[in-house]
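Right, one structure below, let's go through it.
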Amino acid sequence: MVPRVHRQLLAVTTEPIDDVLVEAALAARTKGDVGLGIDLLAEFAGATKGERMDEAAFVTAQLLEADSPFAI
């Protein structure tokens, strides 16, 4: 679940929320914040059936793999 403060920040935008959530998740992945990235993508999946669902699913899989004790 995305913390309330993050939800408030994401609400202050003129861009579609779909793009903001995916871009924020990609930024979290780059910074190594796996938990935040997964939370943002879960929020995205619950908020939309947008065009970026395939990308969101792929990035979610990458984040889960990075967080796995079996990652190489």
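The values are calculated or read from the model by the stated rules, or taken from the named source; none is laboratory data. All figures in this text were calculated on a predicted structure; none of them were measured in a lab. Here the Cβ is made from the backbone with ideal geometry for all residues, glycine too, and neighbour counts use every protein chain on show. We work out accessible area using only protein heavy atoms, side chains counted, and drop any ligands, DNA or RNA first. Shrake-Rupley method; radii C 1.70, N 1.55, O 1.52, S 1.80 Å.
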* Structure fact -> Taking Lys and Arg as +1 and Asp and Glu as -1, residues besides ALA66 with C-beta under 15 Å from its C-beta add up to -2
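If I stretch the segment between ARG4 and ALA47 completely, what's the gain in nm (0.36 nm per residue apart, minus their alpha carbon distance), one decimal?
Numbers: separation 43, 0.36 × 43 = 15.48 nm, distance 1.53 nm.
So the extension gain works out to 14.0 nm.
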* Say each of ASP67 and ILE17 gets a label point 7 Å from the Cα, pointing the same way as Cα to Cβ; how far apart are those two points in nm? -> 2.1 nm
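Calculate, for segment 20-72, the solvent-accessible area per residue in square angstrom, rolling a 1.4 angstrom probe over the heavy atoms of the protein chains.
Per-residue value: 63 Å².
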